[in-house]
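Q: Structure provided below as structure tokens; questions to follow.
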Amino acid sequence: MNLAENYYRRANELLGLARAANAPAIAQLAPILGENIARGGVIHVFGSGHSEVVAREIIGRAGGLVCVTAIPDPTGGFIENLPGYGTKLIERYDRQYQLRAGEVLIAISNSGKNCSPIEVALHAKAKKLTVVALTCLAMSHATPSQHPSGKKLFEVADHVLDNGGVPGDAIVDAGDGVMAGPTSTLIGCSVLNWLMLATVEWLRTGGHAVPLLRSQNLPGAIEHNRALGQRYAGRLSRQLA
């Protein structure tokens with residue numbers, strides 16, 4: 001079996017396991033996110049380093065909820081283990097876009113050990129937001145925290161979603177014990193899409209408006225998206241063109 005086929009088989013096994021493992025948490029979270037959206041609130045998402053790619057999956061996306069907004073890190077995670085940096089980052093974001101009690105913050109970190117996502121989560125909790133961690137529990141248990149508190153992201157969050165990966169993320173032996181083929185993006189993005197769709201279903205079932213973006217390549221979509229964005233003027237870090 002070649003490396004790509006090996007990855008395909010193993011990654012799909014892990015995807016199926018993640019689907020089953022996260023179903024109870026998603027069922028709990030859908031009403032929380034749905035009620036927040038029905039009140040006019042937004043969902044704040046933070047991912048440091050490569051986890052920013054996972055966060056970006058549900059922000060400003062065709063077929064996605066307009067009210068999901070990014071907490072940007074201008075360093076791209078370069079100083080994510082500098083104590084205090086994540087606190088300053090989220091405080092600045094809070095001043096500009098506002099973290100409001102009752103809203104939701106999703107913090108994404110595969111390892112769950114780095115300072116910035118932990119500090120972002122702690123600030124959000126202090127502001128009385130519901131904090132959701134998307135992490136790899138196996139990785140979190142295998143490595144020490146870099147935060148002064150000694151805690152991992154899953155230990156400070158209110159709810160935990162597990163991407164079901166392995167320590168080190170990669171799942172295919174490329175030879176001489178060197179591993180390749182990471183799964184945190186593939187599965188992490190899937191977990192977030194499952195959560196968003198469960199939230200959409202909760203809103204629809206409850207008779208609430210569902211603020212979904214359309215592909216800007218479709219006729220009339222840009223006007224539709226701009227109108228949706230106006231409901232959240234000043235709250236979204238990524239403005240709709």
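The values are calculated or read from the model by the stated rules, or taken from the named source; none is laboratory data. Owing to the predicted nature of the structure, the values given are computational and were not obtained by experimental measurement. Note that each Cβ is placed from the backbone with ideal geometry, even for glycine, and that neighbours are counted across all protein chains shown.
Q: What residue, among those in the stretch 134-144 that are out of contact with any Gly (no Cβ under 7 Å at 6 or more places or on another chain) and not hydroxyl-bearing (Ser, Thr, Tyr), is farthest from THR185 (Cα to Cα)?
A: Checking each candidate, the answer is PRO144.
Q: Among the candidates ALA138, ALA133, single out the residue that is within 18 Å of ASN22 (Cβ to Cβ) and buried (at least 21 other Cβ atoms within 10 Å of the Cβ).
A: When all the criteria are applied, what remains is ALA133.
Q: Can you tell me which residue within the stretch 37-93, out of those that are assigned to a loop (DSSP other than H, G, I, E, B) and among the β-branched types (Val, Ile, Thr), is nearest to the chain's Cα centre (by Cα)?
A: The selected residue is ILE58.
Q: Quick check: is even one residue across the stretch 77-91 surrounded by fewer than 23 Cβ atoms within 10 Å (Cβ to Cβ), closer than 20 Å to LEU195 by Cα and free of Cβ contacts under 8 Å to residues at least 40 places away in the same chain?
A: No: the stretch 77-91 contains no residue that is surrounded by fewer than 23 Cβ atoms within 10 Å (Cβ to Cβ), closer than 20 Å to LEU195 by Cα and free of Cβ contacts under 8 Å to residues at least 40 places away in the same chain.
Q: Hey, could you check the stretch 200-213 for residues that are in contact with a Gly (Cβ under 8 Å, 6 or more places away or on another chain) and under 13 Å from GLY63 (Cβ atoms) and say which is surrounded by the fewest Cβ atoms within 10 Å (Cβ to Cβ)?
A: Only one residue fits best here, namely LEU212.
Q: Continuing with the same structure: Please specify each residue of the stretch 174-188 satisfying the condition of being of a type in the set (Asp, Glu) and at pLDDT 95 or above.
A: none
Q: Of the residues that sit in the stretch 115-130 and are of a type outside the set (A, V, I, L, M) and surrounded by 24 or more Cβ atoms within 10 Å (Cβ to Cβ), which one is farthest from GLY47 (Cα to Cα)?
A: For the stretch 115-130, the residue satisfying everything is GLU119.
Q: Looking at VAL54, VAL45 in this structure, which one is over 15 Å from SER190 (Cβ atoms), among the β-branched types (Val, Ile, Thr) and either crowded, with 21+ Cβ neighbours inside 10 Å or in contact (Cβ under 8 Å) with a residue 40 or more places away in the chain (or both)?
A: After ruling out the rest, the residue left standing is VAL45.
Q: May I ask you to list the residues in the stretch 95-114 that are in a helix (DSSP H, G or I) and either exposed (fewer than 15 other Cβ atoms within 10 Å of the Cβ) or in contact with a helix residue (DSSP H, G or I) (Cβ under 7 Å, 6 or more places away or on another chain) (or both)?
A: Of everything in the stretch 95-114, those that are in a helix (DSSP H, G or I) and either exposed (fewer than 15 other Cβ atoms within 10 Å of the Cβ) or in contact with a helix residue (DSSP H, G or I) (Cβ under 7 Å, 6 or more places away or on another chain) (or both) turn out to be ARG95, GLN96.
Q: Right, another one. Of the numbered conditions (1) small (Gly, Ala, Ser); (2) over 26 Å from VAL53 (Cβ atoms); (3) in contact with a helix residue (DSSP H, G or I) (Cβ under 8 Å, 6 or more places away or on another chain), GLY188 fails exactly one; give the number of that condition.
A: (2)
Q: Taking ILE90 as meeting all but one of (1) over 23 Å from PRO182 (Cβ atoms); (2) in contact with a Phe, Trp or Tyr (Cβ under 6 Å, 6 or more places away or on another chain); (3) of a type in the set (Val, Ile, Thr), write down the number of the exception.
A: Only one criterion is unmet by ILE90, namely (2).
Q: Conditions first: (1) more than 22 Å from SER111 (Cα to Cα); (2) surrounded by fewer than 14 Cβ atoms within 10 Å (Cβ to Cβ). THR69 passes all but one, so which condition is the exception?
A: Every condition holds for THR69 apart from (2).
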